[in-house]
């Protein structure tokens, strides 16, 4: 079980994907126990760790990061989370190619994600998913159109805005302020 | 991997929890590989099957349903999904008690969910989550206040409205029509 | 013209209805040039002033407030805005009755708004609108059901969440943080 | 007063701006009684008529439309609404220039709205607003950046998604389905 404290013990580094976005990315990609998935870049290792709690020891997470400092940080966090046997952290740029094949899903949380699409297409198994976390609409368009050009099917692009509610005896209503936007999630599927 | 076709082969029955809600319920509860979780009522078995793809063979899903027709339907769907070794479908009302103990999470998708809270509290391990799928605000309030009275911590209640985007060379924009509301998700945590 | 600076010159007092809510309240009520409308309580006079810019000199805004300090503040602001000939500020509780008749619309921005409904029903002309600004769902329910009981038609209750966008050469996306909730707007119509 | 029936008597033609968008466009532009405003293209005349109910007889609405059929339709609707003395319908393309000067606001509901910006800048008074109704994000970007280049200040771009609520004794919740998107509203202000 990942309790709310689970991620608190990890060392801090670059900004992490929020649980609200990781949950949808993983669920709509279709990640399941036993899957072999890839994420790039590792950043703090947060997303790789989240995915490892789902694929379990029967699966594998390959986590690419070209920056040495982030690579070491994410590796350290993988150990802290007790999931380093499931995650293989690699210091490598995904733009230089993907070593693995027959992957179930590829998650891209980096600038110019579209440039990783040809590698992702080769590395995925049939029906495998390629998911990008994209802050701006322009990036969504570039990613999706490039993906379609390469033969991917654009399954969906979503914009998730969960609203937290105050529930109290004296009155029930949404919280006044909150996160209006973090990232767009674009899902491509290999036919 | 659960591809988009995964759930299409299942037999239809009562209305199912949507993937958008199941994904958040599971992720914010903290369900991970190896967990032992419970859902009630089984309905078509959809949520139990979704949870089984996450907890895997090292975990277990107990799925309670008092109606014989739904119980048999969900059981049949568990077999179709090839996950019947992970899920134990029981024809039993959760309001009559929970047989299991030390559960990681309990999911309640039924009317009067608050009446299952005392049983859930006993059946959960420390830090375990009790999550309800609730259509109306009144139900949210009843569920959350009853839970707090029993000693649960109200972690969050959310209202999820993902927006699908059209991404085309000629223009990028959200889809015109869509789902504005399905269910509120209320998360209680055993201290 | 009300430029963005228009309201800045007014004296501050109790929390004001935001433009996003005033705009919808007025538009869906159907307020037009020449209308005679009422608002209670005056607060800082902000809503009365906004309405006065729409009904114009051919119309009239009656603004009720029982607290002397707020009454005087709103009156002062009406003068500052140069609209005191259109607005009649009254130090009076709307719960004690409405002096006017054949009103086009009544706006209620106060606690226990439902207690003003019988007075509003008498004071409105046929097809006139009674609009309430309500923070909590419980208040919405009480207001709407009481209104229907009295013979009003519940036209709509809305929840407005405009999202501000960043538009820049380097990328277009919604602002990260923002207002998730201010008030529910409930619209009742006299048949 | 514009009751909900007000617009029903008008003749149907091209798709109209919805009240939810017209309300915000007008309110955030700052349109008030007595203002002189322009809209292009007229379409069915709906927006011009809405604006006329706010500016009143002390103000003026100039409504440009180059297509003869829409021009005649909007003119007919202006008469039906009894507001033809306030609205001047012109059969003219706004891209060929604006005859008026010292306008309080210009509303653009047509393709390539950015091409009308130089004319709008000349025709507006100081602090006047130029508002565009734009379906796609690409159009927002083109409009806003072109406006800034010309010297306008980008006040805001919003995305409005009101949610309708069901309020019933047996339960209160948002409507299941609804409009997720109609138009982006971009507001430019002449310094």
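The single residue among C:84, C:5 that is farther than 19 Å from residue C:133 by Cβ and away from chain D (no Cβ under 14 Å) turns out to be C:84. Please work out if residue A:100 is more than 14 Å from chain B (Cβ to nearest Cβ) and at pLDDT 95 or above. Taking the combined requirement at face value, the residue satisfies it. Being within 14 Å of chain D (Cβ to nearest Cβ), modelled with pLDDT of 95 or more, out of contact with any strand residue (DSSP E or B) (no Cβ under 8 Å at 6 or more places or on another chain) and under 16 Å from residue C:110 (Cβ atoms) holds for only one residue in C:22, C:27, C:58, and it is C:22. Being more than 22 Å from residue D:57 (Cα to Cα), within 14 Å of chain D (Cβ to nearest Cβ) and surrounded by 21 or more Cβ atoms within 10 Å (Cβ to Cβ) is a property that does not hold for residue C:51.
Matching residues to (1) outside any strand (DSSP E or B); (2) more than 10 Å from every other protein chain (Cβ to nearest Cβ); (3) in contact with a helix residue (DSSP H, G or I) (Cβ under 6 Å, 6 or more places away or on another chain):
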| site | (1), (2), (3) |
| --- | --- |
| C:111 | yes, yes, no |
| C:126 | no, no, no |
| C:143 | yes, no, yes |
| C:158 | no, no, no |
| C:161 | yes, no, no |
| C:164 | no, no, no |
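The set of residues from segment C:166-188 being at the interface with another protein chain (Cβ under 7 Å from one of its Cβ atoms), without any contact (Cβ under 8 Å) to a residue 12 or more places away in the chain and in a strand (DSSP E or B) comprises C:167, C:171, C:172, C:173, C:174, C:177. Taking the listed residues A:140, A:160, A:144, the one that is under 18 Å from the mean Cα position of the chain (by Cα), under 30 Å from residue C:136 (Cα atoms), touching a residue at least 12 places away in the same chain (Cβ under 8 Å) and crowded, with 16+ Cβ neighbours inside 10 Å is A:160, with no other qualifying. Being more than 15 Å from the chain's Cα centre (by Cα), buried (at least 23 other Cβ atoms within 10 Å of the Cβ) and either in contact (Cβ under 8 Å) with a residue 12 or more places away in the chain or farther than 26 Å from residue B:159 by Cα (or both) is a description that does not apply to residue B:13. Answer with yes or no whether residue A:153 is at pLDDT 95 or above, surrounded by fewer than 16 Cβ atoms within 10 Å (Cβ to Cβ) and on the phi < 0 side of the Ramachandran plot. Answer is yes for this residue. Candidates in segment B:145-154 are the residues that are more than 7 Å from chain A (Cβ to nearest Cβ) and touching a strand residue (DSSP E or B) at 6+ places or on another chain (Cβ under 9 Å); of these, the one that is farthest from residue B:19 (Cα to Cα) is B:150.
Taken together, the residues in segment C:174-188 that are surrounded by fewer than 24 Cβ atoms within 10 Å (Cβ to Cβ) and touching a strand residue (DSSP E or B) at 6+ places or on another chain (Cβ under 7 Å) amount to 9.
Can residue A:137 be described as within 11 Å of another protein chain (Cβ to nearest Cβ), under 24 Å from residue B:168 (Cβ atoms) and out of contact with any helix residue (DSSP H, G or I) (no Cβ under 8 Å at 6 or more places or on another chain)? Criteria not met by residue A:137.
Is one or more of the residues making up segment C:88-96 away from chain A (no Cβ under 11 Å) and buried (at least 23 other Cβ atoms within 10 Å of the Cβ)? Taking every residue of segment C:88-96 in turn, at least one turns out to be away from chain A (no Cβ under 11 Å) and buried (at least 23 other Cβ atoms within 10 Å of the Cβ). Here's a check for you: in segment C:57-85, which residue that is surrounded by fewer than 24 Cβ atoms within 10 Å (Cβ to Cβ), without any contact (Cβ under 8 Å) to a residue 40 or more places away in the chain and within 17 Å of residue C:3 (Cα to Cα) is farthest from the chain's Cα centre (by Cα)? Among residues in segment C:57-85 that are surrounded by fewer than 24 Cβ atoms within 10 Å (Cβ to Cβ), without any contact (Cβ under 8 Å) to a residue 40 or more places away in the chain and within 17 Å of residue C:3 (Cα to Cα), the one farthest from the chain's Cα centre (by Cα) is C:82. Set side by side, the residues B:37, B:17 differ, and just one is touching a strand residue (DSSP E or B) at 6+ places or on another chain (Cβ under 9 Å), within 14 Å of another protein chain (Cβ to nearest Cβ) and closer than 25 Å to residue A:127 by Cα, which is B:17.
For segment B:91-100, filtering for residues that are in contact with a helix residue (DSSP H, G or I) (Cβ under 8 Å, 6 or more places away or on another chain) and touching a residue at least 24 places away in the same chain (Cβ under 8 Å) leaves 5. A residue that is over 21 Å from residue B:27 (Cα atoms) and more than 16 Å from the chain's Cα centre (by Cα) cannot be found anywhere in segment A:40-55.
The values are calculated or read from the model by the stated rules, or taken from the named source; none is laboratory data. For clarity, every value in this text was computed on a predicted model and none was experimentally measured. Cβ sites come from the backbone with ideal geometry, for glycine too, and all protein chains shown count toward neighbours.
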